[in-house]
Amino acid sequence: MNKPSDSAAPDFRNRDIKTIVNAGLKRRHAAERRFRWYGLIAISLGLAFVALMFGNIISKGYPAFWQTYVQLPIRFDPTVIDPEGHHDPKAIESADYAALVRAGLRDLFPAVQGRTELRALYDLVSSDAAYELRSRVIANPALIGTSQEVWLLASATVDTLVKGNIDRTLDETERPIKDNQVGWIDKLQASGKIEKQFNTILFTGGDSREPEQAGIRGALMGSFYTLLITFLLSFPMGVATAVYLEEFAPKNRWTDLIEVNINNLAAVPSIVFGLLGLAVFINFFGLPRSAPLVGGLVLSLMTLPVIIIAGRAALTSVPPSIREAALGMGASKLQMVGHHVLPLAMPGMLTGAIIGMARALGESAPLLMIGMVAFIVDVPKGLMDPATVLPVQIYLWADLPERAFVERTSAAIMVLLAFMVLMNGLAIILRKRFERRW
Amino acid sequence: MLTYLLLTLALLSAAGYYLGRHRAFAVANGQLRNLHSLPGFYGSYTALWCGLPALIVLAIWMVLQPGMIVDWVVAGMPPELRDLPPDRLNLMVNDLKNLVSGNIVSSTPNAAILEAANHYRNLQTIGNAALWVVVLTLSMAGIAIGWRKISPTLRARNRVEQVVNVLLIASSTIAIFTTIGIVLSVLFESIRFFQKVPISEFLFGLQWSPQTALRADQIGSSGAFGAVPLFTGTLLISGIAMLVAVPIGLMSALYLSEYATPRFRATAKPALEVLAGIPTVVYGFFAALTVAPLIRDLGSALGFQVASESAMAAGLVMGIMIIPFVSSLSDDVINAVPQSMRDGSYALGATKSETIKRVLLPAALPGIVGSILLAVSRAIGETMIVVMAAGLSANLTANPLAAVTTVTVQIVTLLTGDQEFDSAKTLAAFALGLMLFTVTLILNIIALQVVRKYREQYE
């Protein structure tokens with residue numbers, strides 16, 4: 001706008017300012033509009049990414065909340081379950097229930113003959129079906145000798161086909177399921193013997209190599225124990241540090257050093273904390289690998305700066321008049337803090353703590369370092385049991401090639417995000433409800 | 001066992017509190033104003049006497065007991081076992097511990113080992129019993145001492161507050177200890193690594209293939225530890241991320257602070273910040289399963305050769321993750337520019353975008369640079385996205401469509417799975433960690449300094 005052309009320069013005196021400004025106005029307003037649009041486009045791009053990611057994960061993950069089951073006629077054959085007829089619990093427990101499942105499948109498709117054909121037929125039902133039958137018989141021994149129609153877990157490939165995720169037009173050799181299996185499944189579907197039920201295994205099972213039997217219960221419990229330790233360690237220490245630095249600490253080099261340290265720790269990459277945990281807690285102190293205790297220790301060191309910074313902000317927002325009034329009534333400094341300042345700052349501190357915990361819940365990189373990536377089938381029962389956490393479980397499942405695992409990974413992400421939303425929502429409610437403006 | 005001991009200790013301390021309070025009432029003869037402090041402080045005083053010494057002894061005991069038991073067990077072994085070389089001895093002790101805790105052992109135990117395991121178990125039982133006795137005696141004695149000391153002139157409040165003060169100071173030093181811990185743990189292992197691999201080779205070598213040999217005659221057995229390909233890979237992916245994040249983040253911050261209506265701002269800003277709250281593993285999953293195949297298909301449709309784990313996919317998604325960092329940090333910075341500067345520009349007849357481009361941005365530039373530096377340090381240290389979406393092969397290339405690997409990916413791959421703690425392979429991870437820590441630390445310090453200077457300018 002301030003680039004007068006050479007030819008216009010001599011005219012300057014004769015033209016009045018208004019025409020000069022008006023001449024450039026159109027161009028300038030166009031630039032203004034363009035700039036505005038850039039801003040809007042940037043924001044919509046950002047929001048589009050949010051929408052795209054959520055849409056992508058939800059569309060992939062929600063089918064995992066349903067699981068395909070097959071109804072089989074099972075004859076609880078006494079000669080298989082309890083050949084000696086003593087109703088001996090040990091014999092019942094160790095019986096070959098898979099044989100019952102196989103017999104049920106043969107009953108449904110009597111025409112199937114030959115080893116390979118039969119094996120393909122048996123592959124329709126998950127290996128979990130035998131355990132399911134066993135637990136039913138143990139719970140109710142009166143079943144022995146009867147015949148029942150039982151809903152049993154289908155295998156993952158059947159589940160994938162029923163959900164329409166296998167292209168039937170592909171050549172037989174290029175898909176995980178054979179033509180004869182597709183035929184049987186279609187027959188079962190036509191007779192109403194295949195059904196999708198709510199997937200409880202996802203929430204009650206531990207990890208498994210078989211997609212249809214894999215659940216996030218173990219990871220959830222691991223996350224729970226890890227976060228328990230994190231909270232128990234980082235919250236009291238964070239509050240104590242914030243109180244000391246805001247209310248008691250003299251202004252000197254030492255407190256400056258502490259402050260600089262806290263600010264830097266907040267920006268250290270999380271994986272470095274994992275290295276610290278590996279070198280100090282596991283190799284130096286000899287704590288067990290993969291234990292929620294160690295994970296909690298590492299995460300609490302990571303969360304501490306967050307809680308301290310939030311806690312200090314909460315403490316500074318309490319007006320000095322409260323402190324002066326308490327001291328004026330003869331309270332000691334500790335009484336002033338404990339009885340008046342801390343209760344007023346507590347909602348803010350809790351908000352910070354919850355946000356810190358939400359971040360710790362989603363953290364996985366440092367936990368990879370301390371061995372919480374192992375394949376663990378059992379649900380952990382304590383702080384020392386080998387465990388994994390939900391984000392790491394997602395990482396592990398994301399590596400597996402089966403389509404059914406992609407689905408489960410997305411479902412696990414949905415559960416993780418639900419927890420995040422819950423925790424952040426709690427923090428917002430807490431802030432809205434208890435925030436005081438002085 | 002420990003839980004029960006701690007619970008008992010807590011119960012005893014509660015009893016101590018009650019007793020001490022009761023005692024204070026008693027010594028005051030019902031005249032509370034005779035007391036120096038409130039009765040509760042006498043209670044806390046007794047409780048501290050009961051709990052604190054016992055807890056300290058407990059902590060020291062827990063640290064020392066395992067090592068001492070191992071020493072005694074080894075000392076009691078037959079000499080042919082005792083005089084094994086240290087690493088074999090270590091292995092045997094591990095076996096022993098597994099045997100004692102009922103886990104699977106690597107070799108079938110012989111009579112001497114079984115004998116030692118019995119010895120171990122005995123010592124452990126004795127040790128635990130002794131611990132209970134000592135801790136309980138100490139806490140009882142503490143209650144007795146507290147009880148004896150209580151008199152109307154005892155300055156109980158001051159004593160209790162002194163202890164609390166010490167506790168506060170102690171917890172505030174945790175941050176320093178954490179930093180020291182990080183530096184020491186990374187530094188020691190790095191020094192051991194640099195004894196095996198010269199530091200110049202690590203910093204300037206162009207070959208990275210950290211496999212170690214099983215046999216001496218294996219091909220490529222030496223392992224190459226030149227980290228330059230990792231550094232360039234990290235820079236490439238972070239660079240792509242910044243190319244995505246800086247324009248989008250900065251423009252959104254400008255729009256939100258200068259153009260948007262308060263209502264739009266109130267909804268769009270938190271919605272954008274959702275991106276910062278999503279766990280990185282989710283971004284990694286998104287990058288690996290959605291974005292990477294998309295880019296590959298797009299590239300092959302246009303006739304490019306795209307690796308399935310291209311730097312582009314990881315960088316793009318990392319950029320999305322960083323958008324809210326850039327936008328909220330620059331939002332703060334832009335808001336800190338005084339309104340009078342905007343008003344002056346408007347008064348001269350400038351339009352809004354002219355004001356932004358010629359007044360606001362130059363004034364806020366140091367702060368914006370600071371926030372971008374913070375975002376860069378975040379991108380360099382990001383792990384999960386690159387672990388899931390970037391490759392493992394260390395290619396020295398600037399092609400965003402090729403597969404590269406990063407420092408964090410290599411740390412994770414070197415340290416997960418089987419490892420022995422002395423091999424150059426494992427130690428290399430710590431050397432990489434040292435590099436990562438140093439670089440991000442320097443970036444953070446510079447950025448914080450810049451931002452602080454900038455703030456002071458307008459205050």
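Just so you know, in the range B:261-283 the residues that are of a type in the set (Ser, Thr, Tyr) and exposed (fewer than 14 other Cβ atoms within 10 Å of the Cβ) include one that is nearest to the other protein chains (Cβ to nearest Cβ), and it is B:THR267.
For the range B:188-201, the criterion of a residue being touching a strand residue (DSSP E or B) at 6+ places or on another chain (Cβ under 8 Å), farther than 22 Å from B:THR416 by Cα and either outside the structural domain of B:PHE437 (by TED's automatic domain parsing) or modelled with pLDDT of 85 or more (or both) is satisfied by at least one position.
Here is the figure for the range B:284-317: residues that are within 12 Å of chain A (Cβ to nearest Cβ), under 24 Å from B:LEU396 (Cα atoms) and under 27 Å from the mean Cα position of the chain (by Cα) total 5.
Okay, residues lined up against (1) within 30 Å of B:THR261 (Cβ to Cβ); (2) within 14 Å of another protein chain (Cβ to nearest Cβ); (3) assigned to a helix (DSSP H, G or I):
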residue: A:ASN22; (1), (2), (3): yes, yes, yes
residue: A:TRP37; (1), (2), (3): yes, yes, yes
residue: A:HIS86; (1), (2), (3): no, no, no
residue: A:ALA103; (1), (2), (3): no, no, yes
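Restricting the search to the range B:169-193, which residues are touching a residue at least 12 places away in the same chain (Cβ under 8 Å) and buried (at least 19 other Cβ atoms within 10 Å of the Cβ)? Residues satisfying the conditions are B:ILE182, B:SER185, B:VAL186, B:GLU189, B:SER190, B:PHE193.
Listed here are the residues, each with its yes/no results for (1) in the same structural domain as A:ASP159 (by TED's automatic domain parsing); (2) among the polar types (S, T, N, Q); (3) out of contact with any Cys (no Cβ under 6 Å at 6 or more places or on another chain); (4) at pLDDT below 90.
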| residue | (1), (2), (3), (4) |
| --- | --- |
| A:PRO4 | no, no, yes, yes |
| A:ARG27 | no, no, yes, no |
| A:ARG33 | no, no, yes, no |
| A:GLN67 | yes, yes, yes, yes |
| A:GLU84 | yes, no, yes, yes |
| A:PRO89 | yes, no, yes, yes |
| A:THR116 | yes, yes, yes, yes |
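Step by step: first the residues of the range B:51-93, then only those that are surrounded by 12 or more Cβ atoms within 10 Å (Cβ to Cβ) and among the small types (Gly, Ala, Ser), then the one that is nearest to B:ARG121 (Cα to Cα). Which residue is that? Of everything passing the filter in the range B:51-93, B:GLY76 is nearest to B:ARG121 (Cα to Cα). Listed by first and then second residue, the pairs linking a residue in the range A:171-182 that is over 13 Å from A:ASP123 (Cα atoms) to a residue that is acidic (Asp, Glu) and assigned to a loop (DSSP other than H, G, I, E, B), with Cβ atoms under 9 Å apart and 6 or more places separating them unless they lie on different chains, are A:GLU174/A:ASP167; A:ARG175/A:ASP167. The set of residues from the range A:149-180 being more than 34 Å from the chain's Cα centre (by Cα) and either at pLDDT 85 or above or assigned by TED's automatic domain parsing to the domain that holds A:VAL406 (or both) comprises just one member, A:GLU149.
A quick yes/no check of all residues on (1) surrounded by fewer than 18 Cβ atoms within 10 Å (Cβ to Cβ); (2) among the hydroxyl-bearing types (Ser, Thr, Tyr); (3) within 30 Å of A:THR200 (Cβ to Cβ); (4) in contact with a helix residue (DSSP H, G or I) (Cβ under 7 Å, 6 or more places away or on another chain):
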| position | (1), (2), (3), (4) |
| --- | --- |
| A:LEU220 | no, no, yes, yes |
| A:PHE224 | yes, no, yes, no |
| A:ILE229 | no, no, yes, yes |
| A:GLY238 | no, no, no, yes |
| A:ASN252 | yes, no, no, no |
| A:THR255 | yes, yes, no, yes |
| A:ILE258 | no, no, no, yes |
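Give the range A:244-265 a look and list any residue that's in a loop (DSSP other than H, G, I, E, B) and facing another protein chain (nearest Cβ under 9 Å), or say none. Within the range A:244-265, A:ALA249 is the sole residue that qualifies. State the number of residues belonging to the range B:58-86 that are β-branched (Val, Ile, Thr), modelled with pLDDT of 85 or more and touching a Leu at 6+ places or on another chain (Cβ under 6 Å). Final tally of qualifying residues: 0.
On the basis of being of a type in the set (D, E, K, R) and in contact (Cβ under 8 Å) with a residue 40 or more places away in the chain, does A:GLU84 make the cut? So A:GLU84 fails the test. As for the range A:326-340, it holds no residue that is within 30 Å of A:VAL272 (Cβ to Cβ) and of a type in the set (Ser, Thr, Tyr).
Count of the range A:349-375 residues, restricted to those that are of a type in the set (Ser, Thr, Tyr) and more than 21 Å from B:THR426 (Cα to Cα), is 1.
Scanning for something assigned by TED's automatic domain parsing to the domain that holds B:ASP343, over 21 Å from the mean Cα position of the chain (by Cα) and not aromatic (Phe, Trp, Tyr), does the range B:404-415 turn up at least one residue? Yes: the range B:404-415 contains one or more residues that are assigned by TED's automatic domain parsing to the domain that holds B:ASP343, over 21 Å from the mean Cα position of the chain (by Cα) and not aromatic (Phe, Trp, Tyr). Would you point out the residue of the range A:275-309, among those that are of a type in the set (A, V, I, L, M, F, W, C) and not in a helix (DSSP H, G or I), that is surrounded by the fewest Cβ atoms within 10 Å (Cβ to Cβ)? If we take residues in the range A:275-309 being of a type in the set (A, V, I, L, M, F, W, C) and not in a helix (DSSP H, G or I), then A:PHE285 is surrounded by the fewest Cβ atoms within 10 Å (Cβ to Cβ).
If you go through the range B:156-184 and keep only what is modelled with pLDDT under 90 and more than 9 Å from chain A (Cβ to nearest Cβ), you end up with just B:ALA156.
Could you tell me whether the range A:58-70 includes any residue that is in a helix (DSSP H, G or I), within 9 Å of chain B (Cβ to nearest Cβ) and surrounded by 16 or more Cβ atoms within 10 Å (Cβ to Cβ)? So far as the range A:58-70 goes, yes, one or more of its residues are in a helix (DSSP H, G or I), within 9 Å of chain B (Cβ to nearest Cβ) and surrounded by 16 or more Cβ atoms within 10 Å (Cβ to Cβ).
Tallying residues that are in contact (Cβ under 8 Å) with a residue 24 or more places away in the chain, more than 38 Å from the chain's Cα centre (by Cα) and surrounded by fewer than 19 Cβ atoms within 10 Å (Cβ to Cβ) within the range A:87-107 yields 5.
The values are calculated or read from the model by the stated rules, or taken from the named source; none is laboratory data. Just so we're clear, the structure is a prediction, and the values are computed from it rather than from any experiment. Every residue, glycine among them, receives a Cβ derived from its backbone with ideal geometry; neighbour counts consider all protein chains shown.
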